[in-house]
Amino acid sequence: MLIFLLLLFVPIGISAARYTWAGDGRGNWQTADRSSAGLLPPASSHPDALIRVYAARTVRWRSIFAVHTWIVVKEKDASSYSRYDYTAWGEPIRSNGFAPDGRWFGALPETVVAVDGPQAELLIPRIRSVIETYKFRTYGDYSAWPGPNSNTFVQAALDAVPELRAVLPPTAIGKDYPYSGRWIGLTASRSGVYASLSGYLGLTLGWVEGLEINVFGAVLGLDIRRPAIKLPGIGRLGVAAGL
């Protein structure tokens, strides 16, 4: 139990100390850089269909704990990308409010999911269906903790396309909020099972997802398929989850 508590709280303490002493280097969040990070080519020069999921550290002190995730899609031969965020201000589902691969208020995004070509073309309609029918789309539905938040929104889309075999970072607080309303079910990849007590407590066990224990949003886990440990506040340490 002592080891478990140390693994849970020490990483958060390290992340908090890093933020306290060094800050996040972004300055005022209101004027922080939101320009393209150069992760995507111009849409006109990339005729194939495309799916991307990006994650970047949230703003101010919340960056100690969490990342913000969003979805980018482009149909075959489309001349522009479509970006979808779920935010706490304005219209909850924000369409093209930022550059598709833009910095999140100064934070560089990392690629969580990358699918191109015929497979993306096949899966995009299912992702768009989740976006169009997302049930927490009324102003005031957003809840930073334990959800539904931006990570709940993206996880709901990933749940609809198990072929992606995608896993959000352990710092994607809100991903374990049970969007379906079911406290027990199959994981997004359909390679395992999860149990979630409204996002406050949870357990996930799957070949793709690995082992994850959620304690009030702090996720501690282990991935055997792609060897890594998952730590709250810090994220994944080891082999990349795979794209």
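The values are calculated or read from the model by the stated rules, or taken from the named source; none is laboratory data. Computed from a prediction, not measured in an experiment: that's the story for all the values here. All Cβ positions, glycine included, derive from the backbone under ideal geometry; neighbour counts span all protein chains shown. Note: areas computed on protein heavy atoms with side chains; ligands, DNA, RNA excluded. Shrake-Rupley method; radii C 1.70, N 1.55, O 1.52, S 1.80 Å.
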**Report entry** Mean Cβ neighbour count within 10 Å, used as a protection proxy, ranking 81-87, 196-202 highest first
**Finding:** 81-87, 196-202
Report task. Under 1.5 on a/c is rounded, so check that first for the stretch 91-156, then, if it is not, pick prolate when a/b is larger than b/c and oblate when it is not; a ≥ b ≥ c are the square roots of the alpha carbon gyration tensor eigenvalues. Result -> oblate
Query raised in the report: Rounded to a whole number, what % of the accessible area of the stretch 50-238 do carbon and sulfur atoms account for, probe 1.4 Å?
Result: 60
**Report entry** Global size of the chain as Cα Rg and Dmax, reported in angstrom
**Finding:** 17.2, 55
Query - Solvent-accessible area per residue for the chain (1.4 angstrom probe, square angstrom) - result: 48
Requested in this report: Between the alpha-carbon centers of the stretch 171-243 and the stretch 29-104, tell me the distance in whole angstrom.
Outcome: 23
Report task. Put one equal scatterer on each alpha carbon of the stretch 1-133, apply the Debye formula with no solvent term, and list log10 I(q)/I(0) at q = 0.12, 0.14 1/Å to two decimals. Result -> -0.57, -0.72
Report summary line: Rounded to the nearest 0.05, FRET efficiency between TRP61 and ALA32 (Cβ-Cβ, R0 25 Å) equals 0.95
Report summary line: Cα-based Rg then Dmax for the stretch 100-243, in Å, read 14.7, 40
Requested in this report: State to the nearest 20 debye the size of the charge dipole of the chain about its Cα centre, where the only charges are +1 on K and R beta carbons and -1 on D and E beta carbons.
Outcome: 360
